[in-house]
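Asker: Just passing along the structure, written as structure tokens.
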Amino acid sequence: MRGSVKVAGSVLMLGLAAVLTGCSATEFLSTWKNPDAQPLDMKGQKVAAVVMMQNEASRRAAEDTLARQITSKGATGVPMYTIYSGDTKDEAEAKAALEKSGAVGAVVMRPIGVDKEITSTPTMYMGGYYGGYYGGYYGYGWGAPYGAVSTGEIRTDTYVIIETLIYSLKQNKLVFGAQSKTANPSDVDHLVTEISEEIAYELQKQGLVSKPAKS
């Protein structure tokens, strides 16, 4: 059984602590590299960390985490809420604040959906399966029809889908984009950290950033 529901960022992140548990794993659903993009040289330069969510507290926490990840890769990550704290829908004011801050790029994350996958593993009665049809499977099969309560394992996996975009603000150009799917993230901090690590690795593969020097 599988369902997909697109939700607003605030609903998604507010529910993480309550419903998501276990070890996370991230995979890319799609990636895109601007064919005209040159390698990014943002070492030591300001890069805005932008997380597009409606819930302000969750947004700030996520932007703090993203900024730390950007800084750990050699640039200077700055949470967008510290650059501009006004109406997020006022594009002109946000642009003016970004230009004033001196940020040369922006890493943008936006939650776009949740998938749930339920897997049921019924208990198997081997004697019934591998014995005779009469006096074995016949009675077992009719005694435990489909729809009865299973004594086996029922597992629910939750996949959070995130869109990540990297912009050159000097050129106002999209350099790289990706949609990723993370299984069962434990919290917002781990979710952003894991995606940031995967994005950094993907940028290295695409030749958009230099690989760390070997020690």
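Taken together, the values in this text are just the output of simple stated rules run on the coordinates, not laboratory data. None of the values given here were measured: they were computed from a predicted structure. Virtual Cβ from ideal backbone geometry, glycine too; neighbours counted across all protein chains shown.
Asker: List the residues whose amide H sits under 5 Å from the amide H of G113, counting only those 5 or more places along or on another chain, with H placed 1.01 Å from N in the peptide plane.
Answerer: So G113 has HN proximity to V7, I161.
Asker: What FRET efficiency, computed as 1/(1 + (r/R0)^6) with R0 = 25 Å and r the Cβ-Cβ distance, is obtained for E197 and W32, rounded to the nearest 0.05?
Answerer: Working: r = 19 Å, r/R0 = 0.77.
Taking R0 as 25 Å, the efficiency between E197 and W32 is 0.85.
Asker: A follow-up question, please. Quick one: net charge around L40, please, counting Lys, Arg +1 and Asp, Glu -1 for every other residue with C-beta under 12 Å from its C-beta.
Answerer: Values: positive: K33, K43, K73, K170, K173; negative: D41.
Value of the local net charge: +4.
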